[in-house]
Amino acid sequence: MSNIEKKGLIFNFQRFSIHDGPGIRTVVFLKGCPLNCKWCSNPEAFLNNTQINYSSAKCINCNTCVGACRVDAIKNVNNMIEIDWDMCVNCLECSETCSTQAISKIGQFYTVEEVIEKVKRDAHFYKKSHGGVTISGGEPVMQPEFLRNLIPEIRKYGFNVAIETTGYVNWNIFYDAVKEADLLLFDLKSIDNDTHLKYTGVENRTILDNYKKIIKLKDVVTRLPLIPGINTNEKDLNNLANFISENNPNGVVHLLGYHSLGKAKYNQLGLIYDLAEIKSPSEYDMKNWAEAFKNKGLIVELL
């Protein structure tokens, strides 16, 4: 099998994006992530394998999924489908029998050629807007071989390639996977290690070390999700601003305000959304928080 035929596990293609790199872009979302951020709007990216998703709103209570489940993880209780997510082995047979797609499969394997055919559809928009393709996730570098094969093929068409990354990957694997990209959108959550561990499930040393290394080698935009009550107090903001200004003083910073638009996905995946009580920041809040970064001479964009 040639390199171009090797497949990547993808859960979504988003066309006409304007917030994930310069210009109009197609975002390719790869499955799998080493972090488990409690505010993540893409929880379907957590696992690095295909999985099922259940939407009760689409269910017509036909019970075909109950009969299809080989491990009896799906039951009809009081005329409602219930899934024991701990028992589910992701065999996907229930999704294949569901006529309404109340139970659907998340994740599909694509060859590099198949991805190219999809992103080429918007070549005209890339050219006119100086846009391109952004590879996101999850964490794209969890599929390093596919990334190494995909990026050069995209660039053959003259398309700009950006990678959105958490940076939580062994340095050698990380750099080898992203070195052909034109731009990195590097996510930072918190400089405080205890906060980072509590809300993402991992420590931040690898992330910060990789950030320091990669900005010397690649064009990097720093992206900061701002979560009220978690990383938005004065100390947190100043620590983030100091770290970025010390290491990437001429860099661009994207501030992303927290939202709960992905909340419904958690229930559909059998997960618990822990931040339900947190409200999205106001425009005033975002502009106020941005001052910590502008005071360091950083270029700030609010998204």
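The values are calculated or read from the model by the stated rules, or taken from the named source; none is laboratory data. Not measured: the values here are computed from a predicted model. Glycine also receives a Cβ, built like all others from the backbone with ideal geometry; neighbour counts cover every protein chain displayed.
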Against the condition in contact (Cβ under 8 Å) with a residue 24 or more places away in the chain and within 18 Å of GLN143 (Cβ to Cβ), how does LYS218 come out, does it pass?
no
Contacts under 8 angstrom Cβ, first residue in the range 118-131 being farther than 18 Å from GLN108 by Cβ, partner surrounded by fewer than 15 Cβ atoms within 10 Å (Cβ to Cβ) and of a type in the set (Phe, Trp, Tyr), 6 or more apart:
LYS120/TYR157; ASP122/PHE16; ALA123/TYR157; PHE125/PHE16
Only one of (1) aliphatic (A, V, I, L, M); (2) in the same structural domain as ARG25 (by TED's automatic domain parsing); (3) under 24 Å from TYR54 (Cβ atoms) fails for ALA123. Which number is that?
(3)
Taking the condition modelled with pLDDT of 95 or more and among the aliphatic types (A, V, I, L, M), does ILE74 pass?
yes
Could you please find all residues in the range 48-68 being within 18 Å of ASN90 (Cβ to Cβ) and in contact (Cβ under 8 Å) with a residue 40 or more places away in the chain?
ASN48, ASN49, THR50, GLN51, ILE52, ASN53, TYR54, SER55
Within the range 65-87, track down each residue that is out of contact with any Asp or Glu (no Cβ under 6 Å at 6 or more places or on another chain) and crowded, with 18+ Cβ neighbours inside 10 Å.
CYS65, CYS69, ILE74, ILE81, ILE83
Within the bounds of the range 69-76, is there any residue that is without any contact (Cβ under 8 Å) to a residue 60 or more places away in the chain and in contact with a Phe, Trp or Tyr (Cβ under 7 Å, 6 or more places away or on another chain)?
no
Count of the range 23-39 residues which are under 10 Å from the mean Cα position of the chain (by Cα) and within 21 Å of ASP86 (Cβ to Cβ)
3
Can you go through SER245, SER260 and tell me which one is modelled with pLDDT under 95 and in contact with a Leu (Cβ under 8 Å, 6 or more places away or on another chain)?
SER260
Among the listed residues GLN51, GLN108, GLN101, which satisfies the condition of being surrounded by 18 or more Cβ atoms within 10 Å (Cβ to Cβ), of a type in the set (S, T, N, Q) and within 26 Å of ASN12 (Cα to Cα)?
GLN51
Tell me which residues, restricted to the range 148-173, are over 20 Å from ASP20 (Cα atoms) and of a type in the set (Phe, Trp, Tyr).
TRP171
Can you pull out every residue in the range 99-115 that is part of a loop (DSSP other than H, G, I, E, B) and without any contact (Cβ under 8 Å) to a residue 40 or more places away in the chain?
SER99
